[in-house]
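Here is the structure we will look at, set down as structure tokens.
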Amino acid sequence: GNSVTQMEGPVTLSEEAFLTINCTYTATGYPSLFWYVQYPGEGLQLLLKATKADDKGSNKGFEATYRKETTSFHLEKGSVQVSDSAVYFCALKTGGFKTIFGAGTRLFVKA
Amino acid sequence: EAQVTQNPRYLITVTGKKLTVTCSQNMNHEYMSWYRQDPGLGLRQIYYSMNVEVTDKGDVPEGYKVSRKEKRNFPLILESPSPNQTSLYFCASSFGSERGQPQHFGDGTRLSIL
């Protein structure tokens, strides 16, 4: 079956550090890949997405590239801010009505 | 403003007392879904609906009911809540089932069943 595995947290960084959150997936068919972000007390919001191999999704300084050969969609940001502290979810969708989410990675950014 | 609205945001109740969590979206989305979020497990789908009067089970449907009588509303019903249903619940909607369509989430409902 389809699944998403992302690195366990929490991840603690100092402000302006480089961020990588690893995400790998297993899927039958050709999925679209997403990163969602959940700020404290809020629901998930779409951060970025990619729908085909080698596509790069980007938003708010975050980037992720759809790597079909390594079945990965790692999230990166060059310089994190305190306001980036949140839980990040990697997810995939192959069509139909199911989105598969990873377990989430909590990020703490210290000033 | 486009949004998914859930109520209540917080609820503490007792085992066996029926409760309903409401969900409403103002984006004319066909697809709506309920998830529960538990530590270390991510989001697990409870039920989903493809359109009015069309619903189906997700991965963890036991102990829950849903209905879709209007396009905008998709309430989650716990007929006889139990402590293992203590969780954070999210309603979500999207335009359709195409694989590139993201979901729009409500702010969540934290349920505690004593």
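Just so it is clear, none of the values below were taken in a lab; they were calculated from the coordinates. Predicted, not measured: the structure shown is a model, and the values here were computed from it. Because the Cβ atoms are built from the backbone with ideal geometry, glycine has one as well, and the counts that use them run over all protein chains shown.
Things worth noting here:
- Residue-count net charge about A:Gly43 - beta-carbon cut-off 15 Å; Lys, Arg +1, Asp, Glu -1: 0
- P(r) for region B:1-54, from all Cα pairs and a bin width of 10 Å, is 17, 45, 33, 5 %, short bins first.
- Neighbouring partner chain Cβ atoms per residue of B:100-112, average, 10 Å criterion: 5
- Size of chain B as Cα extents on the principal axes (Å, biggest first): 38, 31, 27
- Relative contact order for chain A, counting Cα pairs under 8 Å that sit 6 or more residues apart, in percent: 37 percent
- If R0 is taken as 30 Å, the Cβ-Cβ distance between B:Ser97 and B:Thr15 corresponds to a FRET efficiency of 0.25.
- Taking all Cα pairs closer than 8 Å and separated by 6 or more residues, the relative contact order of chain B comes to 36 percent.
- With neighbour counts taken as other beta-carbon atoms within 10 Å, the residues B:Ser80, B:Ser67 rank, fewest first, as B:Ser80, B:Ser67.
- Bridgeable aspartates and glutamates around B:Lys17 (alpha carbons under 16 Å apart, same-chain partners fewer than 8 residues away excluded): B:Glu79.
- Each of B:Asp59, B:Asp107, A:Asp84 was scored by other Cβ atoms within 10 Å of its Cβ. Arranged with the fewest first, they read B:Asp59, B:Asp107, A:Asp84.
- Phi-based couplings in Hz for region B:76-87 (Karplus 6.51, -1.76, 1.60; Gly and Pro marked x): 10, 10, 10, 5, 9, x, 10, x, 6, 9, 5, 5
- Alpha-carbon Rg with Dmax, taken over chain A, Å: 13.4, 43
- Sites A:Thr12 and B:Gln3, calculated FRET efficiency, Cβ-Cβ separation with R0 30 Å, nearest 0.05: 0.40
- On the principal axes of its alpha-carbon atoms, region A:50-111 has extents of 41, 23, 19 Å, going from largest to smallest.
- Per-residue mean of C-beta atoms belonging to partner chains within 10 Å, peptide B:17-25: 0
- For region A:16-107, the number of Lys pairs with C-alpha atoms closer than 23 Å, counting only pairs eight or more positions apart or on separate chains, is 19.
- Here the residues B:His29, A:His74, ranked from fewest to most Cβ neighbours within 10 Å of their Cβ, fall in the order A:His74, B:His29.
- Peptide A:39-52 is shielded by partner chain Cβ atoms: per residue, an average of 4 of them sit within 10 Å of its Cβ.
- Globularity ratio of the protein assembly as shown, using Cα Rg and 2.2 N^0.38 Å: 1.02
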